[in-house]
Amino acid sequence: MSNLVTSRNQILPIAARSIAAAAALCCAGLASAQTAPSVTLYGMVDVGITSVSGLKGGTATQLASGIMEGSRWGLKGNEDLGGGYRTIFTLENRFEADTGALGSRPISGLQLSDRYSQATLLGLPATLQPVITGLAGQLATASWGVNIGNNLFDRQAYVGLVTPFGGFLAGRQYTPAFETNATYDIMETQSALSAGQVAAFPAVLEIRKSNALQYRFVKDGMSGSFMYALGEVAGDAAKGRMLGLNANYKTGAFSVGFGYNTANNENGDKSLTTSVLGASMNFGSDKLSGMLIKITDDNPSNMTGIGQALSANPATAAYAALIQGAYTTAFKQDGTLVHIGYRHVTGPHTMSVAYSSFNDKTASNADVASYGVAYTYALSKRTDLNGVLVRIDNKDRGQVAPGGNGYVGGVTASAGTSSTGIAFGLRHRF
C-alpha cells in the first residue's frame with residue numbers, strides 16, 4: 001500500500017532558503033512530538049515568462065508562477081502503527097512564486113466570455129446591458145481565478161488511516177475523476193498543453209473537494225477509490241454534496257481507467273457530472289495516451305445567489321427571475337472533451353505533443369481546440385528548463401486563452417477570437 005497516496009514533487013526558490021529553513025525547524029518540532037517521527041517538508045517552485053496573444057488589450061507578456069506545475073510547499077507524514085496499519089497526513093499550500101500571493105487572477109483580468117457578459121447573447125433585452133455589465137463584474141470577482149479565497153492549504157489537507165484492506169482519508173482531496181484525467185492527459189495536467197485548458201470556465205471537472213471522505217485501494221495492478229463529499233448545508237445532506245469513484249488497471253506496457261464525479265447544487269438538484277475514460281500504451285521511451293470526457297450539468301450551482309442579489313436591489317428586483325433564468329441556461333453544460341498525446345524521452349530531453357478538443361453541444365456552440373508542443377530539459381533530477389508552444393482555436397462563441405498549471409489564461413478579446421501561448425520556465429523540486 002506504499003503507493004496508496006501519491007504526493008507530487010514540489011519546490012521553493014533559492015531566494016527563499018531562509019523560509020525553507022524555518023519551515024524545516026517547524027517540521028522538526030512536529031516530528032519530535034511523534035512516537036515514530038516521519039514528517040517531510042516538500043515543495044516546488046515553477047516560474048517563467050509567458051506571452052499570450054488575442055486578448056482585449058493585445059498580446060500580454062508577463063512573469064507567471066506555474067508554467068508547468070503550480071508552485072507549492074507542503075508537509076506530509078506517517079506513523080507505523082504495526083500490523084499493516086499506519087496513519088498519514090498531507091497539508092499542501094499553493095503560492096505565487098512571482099508575487100508571494102496565495103491566489104491569482106486570469107491573464108485577461110476580470111473579463112467574462114461574451115456569452116456571459118452580453119445581454120443579447122444571454123437572450124435578454126439590450127436595455128438590460130447595464131445590469132448585466134455590473135452582474136458580470138460581480139461574478140468574475142467572486143469566481144474567476146485560482147484560490148481567490150486565499151486559503152492556506154487550498155491544494156490538499158487531509159488525514160488518513162492505511163489498513164491491510166485499503167486506505168481511509170478525510171479532508172480536502174483530489175477527486176476521483178480528476179485523478180483519472182491526470183493519469184491519461186499526456187501532460188499529466190502540466191502546462192497550457194494539458195487537456196483541461198480547453199474548458200476552464202465554467203469548470204467541466206471538480207479538481208479538488210473539501211469535506212471529503214475517501215476509500216482507496218491498490219492490489220495486483222488494480223487501483224481505485226470512492227469519494228463522498230458532504231455538502232454541509234444545514235437541514236439537507238443532499239445539498240452541495242458530491243460522489244465520485246474511479247478504477248484503473250495497469251501493466252508495464254498498458255493502462256486503462258475510468259473516473260466519475262457527480263455533484264448536487266445548493267438546492268439538492270443533480271448538477272455537474274463528469275465521466276472520464278482513458279487508456280495509454282508505453283513503448284520503451286515513448287508513450288501514447290488518449291482520453292474521452294463527457295460533461296453534463298442541467299442545474300448549475302450558485303444560480304440562486306444571482307436572483308437573491310438582484311431581488312435585494314429595488315432597481316433590479318423586477319428583472320431578478322428573468323436574469324437568473326438566463327444565467328442558469330447559459331451555465332448549463334453538455335459537451336465532450338477528446339484528448340490524444342504522445343511523449344518521447346531520451347536522456348535529459350522530454351518532448352510532448354498533444355491535441356485536445358471540446359465539443360460544446362449547448363446553444364452557445366462554444367467549441368474549442370488546442371494543439372502544440374512542450375519540451376523539458378532536465379538539468380538534474382530536481383531542476384529542469386521548460387518551453388511550451390500552444391495554439392487555441394476558438395469557434396463560434398468559444399473564447400479561451402491559454403494559461404498554465406498554476407494560473408488561468410482567461411478569455412480572448414471576443415467570441416471566436418483564437419490565441420497563441422508561448423512560455424519558458426524554470427522548475428525546481430525539493
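The values are calculated or read from the model by the stated rules, or taken from the named source; none is laboratory data. Keep in mind the model is a prediction, meaning the values are calculated, not measured. A quick note on method: Cβ atoms are made from the backbone with ideal geometry, for glycine too, and the neighbour counts reach across all protein chains shown. Only protein heavy atoms, including side chains, enter the accessible area calculation; ligands, DNA and RNA are left aside. Shrake-Rupley method; radii C 1.70, N 1.55, O 1.52, S 1.80 Å.
Of the residues Val373, Val390, which is surrounded by 16 or more Cβ atoms within 10 Å (Cβ to Cβ), β-branched (Val, Ile, Thr) and not in a helix (DSSP H, G or I)?
Val390
Keeping to the stretch 124-136, report how many residues are assigned to a helix (DSSP H, G or I) and either open to solvent by less than 30 Å² (accessible area, probe 1.4 Å) or acidic (Asp, Glu) (or both).
Residues in the stretch 124-136 being assigned to a helix (DSSP H, G or I) and either open to solvent by less than 30 Å² (accessible area, probe 1.4 Å) or acidic (Asp, Glu) (or both): 4 in total.
Can you tell me how many residues in the stretch 15-63 are open to solvent by 40 Å² or more (accessible area, probe 1.4 Å), at pLDDT 95 or above and either outside any strand (DSSP E or B) or acidic (Asp, Glu) (or both)?
Matching residues across the stretch 15-63 total 1.
Would the stretch 227-243 turn up any residue that is within 21 Å of Thr90 (Cα to Cα), open to solvent by 50 Å² or more (accessible area, probe 1.4 Å) and free of Cβ contacts under 8 Å to residues at least 60 places away in the same chain?
Checked the stretch 227-243: at least one residue is within 21 Å of Thr90 (Cα to Cα), open to solvent by 50 Å² or more (accessible area, probe 1.4 Å) and free of Cβ contacts under 8 Å to residues at least 60 places away in the same chain.
Counting only residues that are under 16 Å from Thr175 (Cβ atoms) and not small (Gly, Ala, Ser), which one in the stretch 257-269 is least open to solvent (accessible area, probe 1.4 Å)?
If we take residues in the stretch 257-269 being under 16 Å from Thr175 (Cβ atoms) and not small (Gly, Ala, Ser), then Asn261 is least open to solvent (accessible area, probe 1.4 Å).
Considering the stretch 228-256 alone, what residues qualify as being of a type in the set (Gly, Ala, Ser), outside any loop (DSSP other than H, G, I, E, B) and over 14 Å from Thr175 (Cα atoms)?
If the condition is that a residue be of a type in the set (Gly, Ala, Ser), outside any loop (DSSP other than H, G, I, E, B) and over 14 Å from Thr175 (Cα atoms), then Ser255 is the only one that fits.
What number of residues within the stretch 153-169 satisfy the criterion of being among the hydroxyl-bearing types (Ser, Thr, Tyr) and over 21 Å from the mean Cα position of the chain (by Cα)?
Looking only at that region, the number is 1.
Just one of the numbered conditions (1) more than 26 Å from Asp114 (Cβ to Cβ); (2) under 19 Å from the mean Cα position of the chain (by Cα) is not true of Asp384; which one?
So the condition that Asp384 fails would be (2).
Step by step: first the residues of the stretch 178-223, then only those that are of a type in the set (Asp, Glu) and farther than 24 Å from Arg115 by Cα, then the one that is most open to solvent (accessible area, probe 1.4 Å). Which residue is that?
Ranking the qualifying residues of the stretch 178-223, first place goes to Asp220.
I'm told Gly109 meets every condition in (1) surrounded by 22 or more Cβ atoms within 10 Å (Cβ to Cβ); (2) under 25 Å from Ala366 (Cβ atoms) except one. Can you identify the failing condition by its number?
Looking at each condition in turn, Gly109 falls short on (1).
May I ask you to say which residue of Ala279, Ala318 is open to solvent by 30 Å² or more (accessible area, probe 1.4 Å), free of Cβ contacts under 8 Å to residues at least 12 places away in the same chain and not in a loop (DSSP other than H, G, I, E, B)?
Ala318
Any residue in the stretch 65-89 that is under 30 Å from Val390 (Cα atoms) and open to solvent by 40 Å² or more (accessible area, probe 1.4 Å) sitting within a Cβ distance under 6 Å of a residue that is of a type outside the set (Asp, Glu) and assigned to a strand (DSSP E or B)? List the pairs, counting only those 6 or more apart or interchain.
Trp73/Gly43; Trp73/Asn93
If Leu63 satisfies all but one of (1) farther than 30 Å from Ile306 by Cα; (2) within 18 Å of the chain's Cα centre (by Cα); (3) not hydroxyl-bearing (Ser, Thr, Tyr), what's the number of the condition it fails?
Result: Leu63 passes all but (2).
Quick one: how many residues across the stretch 134-157 are among the small types (Gly, Ala, Ser), touching a strand residue (DSSP E or B) at 6+ places or on another chain (Cβ under 8 Å) and farther than 15 Å from Ser108 by Cβ?
Of the residues in that region, 1 qualify.
Could you check, for the stretch 343-355, whether at least one of its residues is in a helix (DSSP H, G or I) and either surrounded by fewer than 20 Cβ atoms within 10 Å (Cβ to Cβ) or small (Gly, Ala, Ser) (or both)?
No, the stretch 343-355 contains no residue that is in a helix (DSSP H, G or I) and either surrounded by fewer than 20 Cβ atoms within 10 Å (Cβ to Cβ) or small (Gly, Ala, Ser) (or both).
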